[in-house]
Structures are given as structure tokens and as C-alpha cells.
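Visitor: Have a look at this one.
The values are calculated or read from the model by the stated rules, or taken from the named source; none is laboratory data. Computed from a predicted structure; not experimentally measured. Counting neighbours? That spans all protein chains shown, and the Cβs are built from the backbone with ideal geometry, glycine included. Only protein heavy atoms, including side chains, enter the accessible area calculation; ligands, DNA and RNA are left aside. Shrake-Rupley method; radii C 1.70, N 1.55, O 1.52, S 1.80 Å.
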Amino acid sequence: MKKYAFGVDIGGTTCKIGFFDTNGTLLDKWEIKTNTENNGESILSDVAKAVDNKLAQEAISKDDVQGIGIGVPGPVDSQGVVHRCVNLGWGKLNVEEKLSSMFHGVTVKAGNDANVAALGEAWKGGGKDYDDVVMITLGTGVGGGVIIGNNILTGYNGGAGEIGHFHMNDEETDVCGCGKKGCLEQYASATGVVRLAKRYMADNDDTKMKEFGDNITAKDVFDLAKEGDQGANVVVKQMGTYLGRAMGFIAATVNPQAFIIGGGVSKACLLYTSPSPRDS
């Protein structure tokens, strides 16, 4: 039995990398920037360099590495082929084949990021006590992973659970990265929150969000909402309304025992479980 493994989560902004023993114990974690220039052609080689550097730092041979698991923000079929990742600039790409060619003798397995996050939560995290779980990831985009009877639901070509592209609003005029209009991702992701904030600022003056202008981030919006800013709270309420509605659709379809929400934006959920600043 080999001793070590790596887990990689490729997001639209950063690639998060975990170094584990094969019992699932996290030994170290770090992140690198996701370079989406030239349709993301250097992303996998950047990941390979980061893993190589860690092996050199720890004086570990590739022969002691069981494998590399990689999650990507898009549908992945059973052969490890991504059919489209709009937030990375990828079209059709065999992720397993390309990354494994950089690590001779090391197994590489790829999956949709939310699907593999769901599997991780079911093994070691918040879903370990349940058989039927839905994982929602809120980051640059919105992803979903569905586990029914302890098995991940992948669908015909790996596209099951792509909840970020639920159609939520017939009146939307902006175009989502997928080419459609009114997707959940346009409201509940980090980029969606920024888009809603800019839309609010264009029509209203009653918010400190204007101090950030075009450089505003989702974190800025959530921080202001915690302070009781009127406009920021409107944006956060919009996000939560669309996300809650989508979760209702999912609940009515697969009837999970639990929802698990993760991703960089998930910390904002504290806003929905704690008293608002105006109530304290």
C-alpha cells in the first residue's frame, strides 16, 4: 500500500491542493492561482509543478504516491474527459490523460468538483452519517453533487448535479458564462454576488458598496451586510432567495437527508444563521 495522495480542487480563481496520507488524514494544504489565460492551457502544468515541488520539499518519491484526485468545475465523464468548463476556458479535454502524462506511474482520477466534494464529505465530513446527501459548492461558480444510497449520481455524460445552471429568472437580460440567461450561478456565486452589487449600485445611493466601485468583491458585500448596510443586505437577500429556491427544487426531486454547503462563499451562510446586526 502506497502512503500518500494528493487532492486538487480547480476553481475559477484558485487551485486548492491537499496533501494526504491514504487514510484520508490531511497533512498539508495550499493554493495557487488559476491561470485562465489562453483558455487555461497552463492550469494542469501549474498543478503538476506544485505537486512536484511538494514531493521535493518532503523528499518523497512518486513511487510512494497512490494517486492524484482532481475536481474540475464542469461535467466529467467516466473516462476522465471534461466536456466544457466555462470558468476555466476549457472545451473538451481528457484531464486524467493529460495530468497523468506528467506523473508517470501515478494514477490520476478526475471528477466534477462538486461531485468529488460530495464524496469527500460523505467519507470524512458532514455527510458521513447519511446515505442521501446533496453537496452545493459556492465559489466562482455554483456546483452540485448528489449522493443517493451512498453512490454519486453522475448522469449520462457526467452532467448530473449541475445546479449552477438551473434556470431561475425569466426576466434576466445578462448572459451567464454558459451562454444562457437567468442561471442560479448569476445570483449565488461570488461573481454573481458582485454582479448583483454592481446592479444595485447603478440604481441606488444608500450603500457603502459604492466606496468600492468596480473593484468590489463578494467578501466586501458580505462584510458590509454584517455591518447592516442596506444595499449589501438587499444583495445578500437576493442571493439567499435564489439559492433557497433552487434547494427546494432539489429537495422535491431527490429528497436528501441533508444538504452540505461548501466553497469559498459558504462562510457567508453565517449571515443566515445568526441574528442580523440590526437585531442584536
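Visitor: For the range 70-86, just list the computed ³J(HN,Hα) in residue order, Karplus coefficients 6.51, -1.76 and 1.60, θ = phi - 60°, integers in Hz, with x standing in for Gly and Pro.
Guide: Result, rounded to whole Hz: 9, x, 10, x, x, x, 10, 8, 5, 9, x, 9, 7, 9, 5, 10, 5.
Visitor: Ranked by accessible surface with a 1.4 Å probe, highest first, in what order do His167, His104 come?
Guide: His104, His167
Visitor: Springs between alpha-carbon pairs under 10 angstrom, Gaussian network model over the chain: which of Gly149, Gly192, Gly231 fluctuates most?
Guide: Among Gly149, Gly192, Gly231, the largest mean-square fluctuation in the Gaussian network model of the chain belongs to Gly149.
Visitor: For the range 128-258, what is the charge dipole size about the Cα centre, in debye to the nearest 20, if Lys and Arg each add +1 at the Cβ and Asp and Glu each add -1 at the Cβ?
Guide: The calculation lands at about 140 debye.
Visitor: Nothing charged except the Cβ atoms of Lys and Arg (+1) and of Asp and Glu (-1): what's the magnitude of the dipole of the range 3-154 about its Cα centre? Round to the nearest 20 debye.
Guide: 160 debye
Visitor: I would also like to ask the following. Starting from the amide H of Thr140, placed 1.01 Å from N in the peptide plane, find each other amide H under 5 Å away whose residue is 5 or more places distant or on another chain.
Guide: Amide H to amide H, under 5 Å and 5 or more residues apart or across chains, Thr140 pairs with Gly12, Thr13, Ala190.
Visitor: Okay, moving on. Only one of the listed values, (i) 60, 39, 39; (ii) 93, 55, 38; (iii) 63, 46, 34, was derived from the coordinates as Cα extents along the principal axes in Å; which label is it?
Guide: It is the one labelled (i).
Visitor: What is the chain's relative contact order, in percent, from Cα pairs under 8 angstrom and six or more apart in sequence?
Guide: Reported relative contact order: 14 percent.
Visitor: Using a 1.4 Å probe on the protein heavy atoms only, what accessible surface does Ile17 show? Give it in Å² to the nearest 10.
Guide: Roll a 1.4 Å probe over it and Ile17 shows about 10 Å².
Visitor: Okay, next question. Would you mind checking which residues have amide H under 5 Å from Thr36's amide H? H placed 1.01 Å from N; only 5 or more apart, or other chain.
Guide: none
Visitor: Which one of His104, Gly74, Ile152 is farthest out on the positive end of the charge dipole of the range 6-165, using unit charges on Cβ (Lys, Arg +1; Asp, Glu -1) and the Cα centre as origin?
Guide: After comparing all options, I get Gly74.
Visitor: Please list, in order along the range 228-236, the HN-Hα scalar couplings obtained from phi with the Karplus expression 6.51 cos²θ - 1.76 cosθ + 1.60 (θ = phi - 60°), rounded to whole Hz, x for Gly and Pro.
Guide: x, 4, 4, x, 4, 5, 4, 5, 4
Visitor: Along the charge dipole of the chain, which of Thr13, Ser61, Ala251 sits closest to the positive end, that is, farthest toward it, with unit charges on the beta carbon of Lys, Arg, Asp and Glu (+1, +1, -1, -1)?
Guide: Of the listed residues, the answer is Ser61.
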